[in-house]
Amino acid sequence: MRSVIDILDLSVEEINGLINTAMDIIANPDKYSSACKGKKLATLFFEPSTRTRLSFESAMYELGGQVIGFSDHKNSSASKGESVSDTAKVISCYADIIAMRHYQEGAPLVASMAASIPVINAGDGGHLHPTQTLADLLTIYREKGRLSDLTVGFCGDLKYGRTVHTLIEALCRYTGIKIVLISPKELDVPFYIKKCMNEANVPYEEVDDLEKALPDLDILYMTRVQKERFADVAEYERLKDSYILTADKLENAKSDMAILHPLPRVNEISVKIDEDKRACYFKQVLNGKYMRMALILKLLSETKGEKVDVKEGKTLLVNEIKCDNPKCITTTEQELDQVFKLVDSENNVYRCLYCEKKAKM
């Protein structure tokens, strides 16, 4: 049995296979209309969502399956203090597969360790969002015909943007990728994402001028500055309008550049750009449904295998140090081991298994 918590849980070959399945679903929808007949998807959304939750539900319905779950944790036993682990064990009695969004980083991983059915991470705090990345990859593939030899610009909130982190990790496994990071210094990408690019020998540059960066880009990935990720409201107010894409700024961009955005949009892309042929963010929404259909099919077909041990093959510290990230699931989950994986043996650096916060011994 497999779960997908991180995009790195899927090999490049598996991602390419999911894209092929999605393309076949697009071409032959009737072929898949009963593929999940008799199966139930549980959507456990502890954090507000429109696109992701409805995309999962639509995906399962179009596969002929059923959907149970909740869209507000206040209507679940979590409001009574039930742990993520216990929730996952209970839902395993009712459903065949779980899609979980949670405001605490690492919660879907904890659920996958407790559940007896596959768990899909539908977003955990500011950490990871693998199915959005699958939507992004299918969009890039359909627009450009390839996932290699591309210059990709990421603009806006690169610090808290989980979709940015996950897509960069995915693109680092393809050839000929160059990445341009466009943000104010306060919102640049975390260290572990830069480490990922360095280890993959993916060239990248950090700039603060969107207009100057545009002419070289094949893909522009815009993001909103997320108020919900800031502890300091004043800092959010200062940075929220850092980058706004307007029609005049696109004059020097490539005519076939693709503009992506994980949505929701606030004001960082002018609505006047929506009619531009380069605008692909609403296409992303539809592509997300197709990729979630493909992923659900894949995981349900593998439920008879052995459960994957997320700790396997890692050098770990257990309960020797404590994660100090207040958004980590370890701060609230009952009797959850503090587990750290070794990521830099030379400097003795460990990262929390659940939220990837760095700790040094």
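The values are calculated or read from the model by the stated rules, or taken from the named source; none is laboratory data. From a predicted model like this one, the values you see are computed outputs, not experimental measurements. Glycine also receives a Cβ, built like all others from the backbone with ideal geometry; neighbour counts cover every protein chain displayed. Keep in mind that these areas ignore ligands, DNA and RNA; they rest on the heavy atoms of the full protein, side chains included. Shrake-Rupley method; radii C 1.70, N 1.55, O 1.52, S 1.80 Å.
One table, with the values for the structure above:
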{"read-out": "Accessible surface, the range 38-140, averaged per residue in Å² (probe 1.4 Å)", "value": "32 Å²"}
{"read-out": "Unit charges on C-beta of K, R, D, E only; dipole of the range 252-361, Debye", "value": "400 debye"}
{"read-out": "Burial order of peptide ranges 216-222, 107-113 (average beta-carbon count within 10 Å, highest first)", "value": "107-113, 216-222"}
{"read-out": "Charge dipole magnitude, Cβ of K and R +1, D and E -1 - the chain, Cα centre, debye nearest 20", "value": "760 debye"}
{"read-out": "Accessible area of the range 243-324 belonging to carbon and sulfur atoms, whole % at 1.4 Å probe", "value": "49 percent"}
{"read-out": "Carbon and sulfur %, accessible surface of the range 1-115 computed with the full protein complex present, 1.4 Å", "value": "47 percent"}
{"read-out": "Cleavage-rule hits, trypsin sites (Lys or Arg not before Pro), the range 285-326, DSSP coil, Cβ neighbours within 10 Å at most 16", "value": "K304, K307, K311, K314, K322"}
{"read-out": "Longest site-free stretch - the chain; sites: GluC sites (Glu not before Pro), DSSP loop, at most 15 other Cβ within 10 Å", "value": "83-301"}
{"read-out": "Selected from C352, F340, S270, residue furthest toward positive end of dipole (the range 238-359; charges at beta carbon)", "value": "S270"}
{"read-out": "Accessible surface, 1.4 Å probe, highest first, among residues Y103, Y290, Y94", "value": "Y94, Y103, Y290"}
{"read-out": "Alpha-carbon centroid distance for the pair the range 293-347 / the range 88-125, whole angstrom", "value": "12 Å"}
{"read-out": "17 Å Cα-Cα reach of K289 towards lysines, excluding residues that sit fewer than 8 places from it in its own chain", "value": "K31, K40, K298"}
{"read-out": "Surface per residue (accessible, 1.4 Å probe) for the range 272-344, Å²", "value": "57 Å²"}
{"read-out": "Contact order relative to length of the range 174-217, as percent, for alpha carbon pairs under 8 angstrom and 6 or more apart", "value": "51 percent"}
{"read-out": "Rg over Rh, two decimals, the range 99-155 (C-alpha only, Kirkwood Rh)", "value": "1.11"}
{"read-out": "Whole-number percent relative contact order across the chain, with pairs defined as alpha carbons under 8 Å at least 6 apart", "value": "18 percent"}
{"read-out": "Inter-centroid distance (Cα atoms) of the range 186-216 relative to the range 1-51, Å", "value": "29 Å"}
{"read-out": "Burial order of peptide ranges 257-263, 49-55 (average beta-carbon count within 10 Å, highest first)", "value": "257-263, 49-55"}
{"read-out": "Among the listed pairs K178/K272; K89/K322; K37/K307; K144/K277, those beyond 22 Å (Cα-Cα)", "value": "K178/K272; K89/K322; K37/K307"}
